[in-house]
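**Q** Take a look at this one; I'll ask things after.
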Amino acid sequence: MKGIVRGAVISSAGALILGASLALSSATAVSGATHAHPGTNPEPAKAETCKAKSSCFSVSNTGEGSAIVGAAGSAYGVWGSSDNNIGVYGASNSDGVEGDAQTSGNGVYGVSSSGNGVYGDAQGSGAGVSGLSSSGTGVSGQTTSNNGYPAVFGNASGSAGDGGFFENDNDSDAALYAQNASANGGPLWVENTSTGDIFAVDAEADGIFDGSVEAKGFDTDQPARGGPHLQAFGSESTRAMIEDIGTARLEAGEGAVRFDSAFASTIDAARGYQVFLTPDGDTRGLYIAAKYEGGFIVRETEHGRSSLYFDYRVVAHPYGASDARLPQLQIKRPPIPHLPQHLQPRQP
């Protein structure tokens, strides 16, 4: 028997289906198998064809060893390709496909022009794809086209489970590291497809949140003249509010401030608003003579006739916000996922 093509390998541990071809090393399971030495575009040596509807070749080992072992000095131990189906397929009660890179290289490596480079489907209680590495990367994905497909895709469609789980137990690296090398897009995008809410970081490292942000404190990195970066803190309020500041002019003891349309559309004027005045000069005093939805009137006290600038600060209730004052905080933290023991990557 020379070359083996379009076949399936069935063993006590599982099945291995090779879509187009399989090159075997000399093994006790099959005698006379030829050695294949694929290069950058591997092709089996002296391939033969068949038109069987099931499998052209099968090997069964009822003992404790492997049905087929493929070994190569510098190329692929097992290589499979298919025009319109799966190049290599493994099904088992244990691991469908297992790859072990002892020194360097990839334990499992897949490349595809239109489908999935590596695809894992756990029908039972295992993991679709599980990666373990002592010094490299457990699972690595790369896409070079602009067709919108992700480099790594995880989907948990059942009633429980996580689309992706990341855990790191050292003190120097992150459990999840996202990087975007282009000037567009962003390194992070999390979306709830049921509600449309998103949590994202764009290319300028700006955070985008559809929901509210709850934290124990807020501070910012404030650049200063001369180069240093200083820590600045945000003020806190007992209720929801939106404010605006500006400067206007008093002419002959009277001045008018009109809100711009953008600010006026964000406040609920029916709930009222507060105005704080500071004159930029000597006066008898300033007061608010009238408030209306689009602005307010300022006059000098005691019928004064001064002409000068004054500063103002407007504090209003945001449109659509709650009236609650210091409401009790109810943080709905999602459950912390924990990878069950039977889903942990097997130690080598």
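The values are calculated or read from the model by the stated rules, or taken from the named source; none is laboratory data. It should be emphasised that the depicted structure is a prediction, and the values quoted were computed from it without experimental measurement. Because the Cβ atoms are built from the backbone with ideal geometry, glycine has one as well, and the counts that use them run over all protein chains shown.
**Q** Take the stretch 269-290 and flag every residue that is within 17 Å of residue 245 (Cα to Cα) and touching a Phe, Trp or Tyr at 6+ places or on another chain (Cβ under 9 Å).
**A** Answer for the stretch 269-290, where residues must be within 17 Å of residue 245 (Cα to Cα) and touching a Phe, Trp or Tyr at 6+ places or on another chain (Cβ under 9 Å): 269, 273, 275, 276, 277, 278, 279, 280, 286, 288.
**Q** To continue, here is another question. Inside the stretch 208-257, counting only strands (runs of 3 or more DSSP E) that do not spill past its ends, which hold 2 or more residues that are β-branched (Val, Ile, Thr)?
**A** Working: elements: 219-223, 229-233, 242-250.
The qualifying strands (runs of 3 or more DSSP E) are 242-250.
**Q** Another question about this same structure. Check whether at least one residue in the stretch 251-259 is in contact with a strand residue (DSSP E or B) (Cβ under 6 Å, 6 or more places away or on another chain), without any contact (Cβ under 8 Å) to a residue 40 or more places away in the chain and loosely packed, with under 13 Cβ neighbours inside 10 Å, and report yes or no. Can you show your working first?
**A** Filtering the stretch 251-259 for residues in contact with a strand residue (DSSP E or B) (Cβ under 6 Å, 6 or more places away or on another chain) gives 253-259.
Next, only the ones that are without any contact (Cβ under 8 Å) to a residue 40 or more places away in the chain stay: 258.
Now drop any that are not loosely packed, with under 13 Cβ neighbours inside 10 Å, which leaves 258.
Within the stretch 251-259 (the criterion being in contact with a strand residue (DSSP E or B) (Cβ under 6 Å, 6 or more places away or on another chain), without any contact (Cβ under 8 Å) to a residue 40 or more places away in the chain and loosely packed, with under 13 Cβ neighbours inside 10 Å), the answer is yes, since at least one residue qualifies.
**Q** Find all pairs meeting these conditions: Cβ atoms under 7 angstrom apart; at least six residues apart or on different chains; first residue within the stretch 279-303 and assigned to a strand (DSSP E or B); second residue of a type in the set (Lys, Arg).
**A** Matching pairs, first to second residue: 287/299; 289/299; 295/258; 300/284.
**Q** Suppose the filter is loosely packed, with under 14 Cβ neighbours inside 10 Å, outside the structural domain of residue 213 (by TED's automatic domain parsing) and either over 20 Å from residue 247 (Cβ atoms) or basic (Lys, Arg) (or both); does residue 324 pass it? Let's see the steps before the verdict.
**A** Working: loosely packed, with under 14 Cβ neighbours inside 10 Å: yes; outside the structural domain of residue 213 (by TED's automatic domain parsing): yes; either over 20 Å from residue 247 (Cβ atoms) or basic (Lys, Arg) (or both): yes.
For residue 324, the condition - loosely packed, with under 14 Cβ neighbours inside 10 Å, outside the structural domain of residue 213 (by TED's automatic domain parsing) and either over 20 Å from residue 247 (Cβ atoms) or basic (Lys, Arg) (or both) - is met.
**Q** Quick one: which of 204, 167 is over 30 Å from residue 288 (Cβ atoms), in a loop (DSSP other than H, G, I, E, B) and touching a His at 6+ places or on another chain (Cβ under 9 Å)? Walk me through how you get there before you give the answer.
**A** On the way: 204 fails: touching a His at 6+ places or on another chain (Cβ under 9 Å).
After ruling out the rest, the residue left standing is 167.
One line per residue, one yes/no per condition, for (1) more than 28 Å from residue 211 (Cα to Cα); (2) surrounded by 15 or more Cβ atoms within 10 Å (Cβ to Cβ); (3) aromatic (Phe, Trp, Tyr):
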{"residue": "303", "(1), (2), (3)": "yes, no, no"}
{"residue": "306", "(1), (2), (3)": "yes, yes, no"}
{"residue": "311", "(1), (2), (3)": "yes, no, no"}
{"residue": "320", "(1), (2), (3)": "no, no, no"}
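**Q** Just to be sure, is residue 248 touching a residue at least 12 places away in the same chain (Cβ under 8 Å), under 34 Å from the mean Cα position of the chain (by Cα) and more than 23 Å from residue 187 (Cβ to Cβ)?
**A** Taking the combined requirement at face value, the residue does not satisfy it.
**Q** Among the residues in the stretch 323-335, are any at pLDDT below 95 and among the polar types (S, T, N, Q)?
**A** yes
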